[in-house]
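Worksheet: the structure to be examined is printed underneath.
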Amino acid sequence: MNILALPFLFLAGSAIAIAEPSPARQKELVHLVRQDCGSCHGMTLQGGLGPALLPATLAGKPVEGLVATIIGGRPGTPMPPWHRFLAEDEAQWIVMKLMAGFPQ
Amino acid sequence: MKAIANTLLAGLLVILLGACGSVPLRGTGDLGLVIERASGHVTLVNTSTRSAYGRIGGLGDLSHASVVYSRDARYAFIFGRDGGLSKIDLLEGRIVKRVIQSGNAIGGSISQDGRIVVAQNYSPGGIKAFDSETLELLSEVPAEFEPGRYSKVVGLADVPGNKFAYALFDGGEIWISDFSDPKRPLTTRYPAGLQPYDGLITPDGRHYLAGLFGEDGIALIDLWQPEKGARKILENYGRGEEKLPVFKMPHLRGWSVAAGRAWLPAIGRHEVLVADASTWKETGRVAVKGQPVFVMASPDGRQIWVNFAFPDNGWVQVIDTLSGKIVQTLAPGRAVLHMEFTPRGEAVWLSARDDNRVVIYDTKTFAKLGSLAADAPSGIFFSSRAARIGF
C-alpha cells in the first residue's frame with residue numbers, strides 16, 4: 001500500500017485498499033502511460049490532444065471519476081476505454097501515481 | 001574583374017574552411033534524421049550508406065516531434081511537443097538556432113518560397129509564422145473560433161502561394177491563411193465537420209482533406225476553387241456500426257494519394273478507405289490488422305504501407321495499389337511508430353520504439369536490409385521532404 005495514496009482514497013470517500021501491482025507490472029504500467037497514453041497526453045503528461053495529467057491539473061478531481069474515465073473512456077471525446085488492458089485496481093494505481101507525480 | 005577575382009577567392013576560402021571542418025563538401029539529398037522521443041535527441045542518418053553519422057541532443061520534449069526541411073534541404077526545422085522550434089544543420093550536425101515558441105506544439109510546415117516556417121499549436125491554440133533564416137516571429141493567427149474560445153490546431157500543410165491550410169479540432173473548421181504579406185496574414189474560414197484530427201494536401205497542391213474524428217467522413221476543399229467551400233467525402237463510412245476504440249490518432253499527409261486514388265485510415269474501423277482522387281467517390285476498402293495510423297504510399301505509388309495503433313503496433317502491412325490487396329504482413333519490431341521511404345522508394349525505414357531500433361526493409365523483396373540503434377525512435381524524416389508540397 002502506498003502511503004501517499006491513502007489520503008487520496010479517503011478524500012475520495014473510498015477507504016478500499018487497492019492491491020499494489022507487482023514491481024514488474026508497475027514498470028509496464030509506467031511505460032504504457034508515458035508512451036501510449038503519452039501519444040495524446042504528451043510523454044511528459046503536459047497535455048496534447050488530451051488534457052494534461054499533472055498533479056496540479058488533476059488536484060481536486062474525484063478518484064473514482066478518473067478511474068472510470070480510464071476504464072470506460074469518455075464518449076464524445078477521443079479518450080478510449082482501456083479495460084481490455086487494465087484492471088480497475090491498476091487504473092486506480094495509475095490515478096494515484098498521476099496525482100502524486102508520475103514516475104519516469 | 002578584380003572584384004570578381006576577390007569574390008572567387010572568398011568563395012574558395014569558404015570552401016577550404018568548410019573542408020577543414022568535420023564534414024567534407026557534399027549534398028544533403030540522401031540525408032535525414034530520426035527523432036529519439038524519450039531523450040530529446042535526433043540521430044542524423046545517411047540513406048545511401050544506411051548508417052548514422054551524428055547525434056544532436058538538447059532538443060527538449062520530442063514526443064510527437066515533426067520536421068520540415070529548408071528548400072536547400074540543408075536545414076531541418078524540428079517542432080517539439082514543448083513548443084521548442086529548433087533549426088538543425090544537417091551538414092555541420094549542430095543546432096543553428098532554437099526558440100521556445102509556445103507551450104504545446106504539434107508540428108509545422110514551410111512556405112512555398114521557403115522563407116516562412118509555421119508552427120501549429122495546441123496551447124495557446126493557433127499558428128505562428130517565423131522567418132526561416134532567423135526564426136524571428138513574423139506574425140500569428142490565434143485559432144479563436146468563437147469569442148474567447150481557442151481551438152487546438154491540427155493538419156497544418158503548406159499550400160502553393162505561400163498559404164497554409166489547417167484544421168481546428170475544437171472549432172470544427174478548416175482555415176486557410178495567406179502569408180503573401182508574412183506580417184499580415186489573411187485568413188478565410190470554412191466549416192468542416194466534427195473534430196478534425198489531421199489534414200493533408202494532395203501532392204499536386206490542389207485538394208486539402210481534413211479527417212474527422214467526431215463523425216464518419218472527410219472534409220475536402222478544392223484549393224483551386226476555395227469559394228465553393230468544404231464538402232464531405234466518404235460520408236457515413238461506418239454505416240452506423242459501433243466504432244472500435246482508437247488508441248492512437250491516425251496521421252495524414254500528402255503521401256496518401258497513389259495510383260489515382262486516395263488511401264485513408266478509417267476511424268474506429270480496421271480498414272483503409274479508398275477513394276477515386278478525381279471524383280472522390282469511395283472505390284473500395286482494405287481490411288487490415290488494426291486501427292491504421294500511417295497509410296503511406298511509396299514514391300512510385302505502387303505500394304501502401306500501413307502501421308497501426310496500440311495494441312497492434314507491432315505489425316506493418318503492405319497493400320499493392322494495382323490489386324488493392326495486402327501482399328505482405330511484417331513484424332518489424334515492438335511499437336512501430338513511423339515509416340519513411342528513401343527518396344525513390346527502394347527501401348523503407350521503420351522505427352521500432354520499444355526495441356530501440358530503426359529497421360530498414362527492401363520494398364521489392366521485403367528483405368530486411370539492416371538496422372540502426374536509436375533511443376525510443378519515433379519520426380523518421382528524410383531531406384527529400386524539402387521539395388514536396390504540403391510538408
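For this structure, a couple of remarks:
- Estimated [θ] at 222 nm from DSSP helical runs (n ≥ 4, -39500 (n - 2.57)) normalised by residues in chain B, nearest 500: -1500 deg cm²/dmol
- Put simply, the convex hull of the Cα atoms in region B:165-240 casts, on average, a shadow of 5.4 nm².
- The Kirkwood hydrodynamic radius of the protein assembly as shown, based on inverse pair distances between different Cα atoms, is 23.5 Å.
- Long-range tail of P(r) for region B:105-177 (Cα pairs > 19 Å, %): 26 percent
- With neighbours defined as other Cβ atoms within 10 Å of a residue's Cβ, the residues B:Ile100, A:Ile71, B:Ile304 order from fewest to most as B:Ile100, A:Ile71, B:Ile304.
- All-pairs Cα distance distribution in region B:284-391, expressed in whole percent, bin size 5 Å: 2, 13, 24, 25, 20, 12, 3, 0
- For a straight C-alpha distance cut-off of 27 angstrom, the lysines reachable from B:Lys364 (same-chain residues fewer than eight places away being disregarded) are B:Lys289, B:Lys325.
- Histogram of C-alpha separations across region A:35-104, 5 Å bin width, %: 4, 17, 27, 33, 17, 1, 0
- Summarised in one figure, the compactness ratio Rg/Rh of region B:322-362, Cα atoms and Kirkwood Rh, is 1.02.
- Across peptide A:31-44, the average count of Cβ atoms from other chains found within 10 Å of a residue's Cβ is 5.
- In terms of the mean number of neighbouring beta-carbon atoms within 10 Å, the peptides B:80-90, B:281-291 order highest first as B:80-90, B:281-291.
- In region B:55-133, inverting the average of 1/r over every pair of distinct C-alpha atoms gives 12.3 Å as the Kirkwood radius.
- Taken over region B:261-324, the percentage of Cα pairs per 10 Å bin, counting from 0 up to the bin with the maximum distance, is 23, 57, 19, 1.
- Computed Kirkwood radius, in angstrom, where 1/r is averaged over Cα pairs of chain B: 21.3 Å
- Fewest-first ranking of A:Trp93, B:Trp224, using other Cβ atoms within 10 Å as the exposure measure: B:Trp224, A:Trp93
- Going from the fewest other Cβ atoms within 10 Å to the most, the residues B:Phe79, B:Phe247 appear in the order B:Phe247, B:Phe79.
- Take every Cα pair under 8 Å whose residues are at least 6 apart in sequence, average their separation, divide by the length of chain B, and the relative contact order is 12 percent.
Rule-based calculations on the coordinates, nothing more; no lab input. The structure displayed is predicted, hence computed values, not measured ones. Don't worry about glycine lacking a Cβ; one is built from the backbone with ideal geometry, like all the others, and counts go over all protein chains shown.
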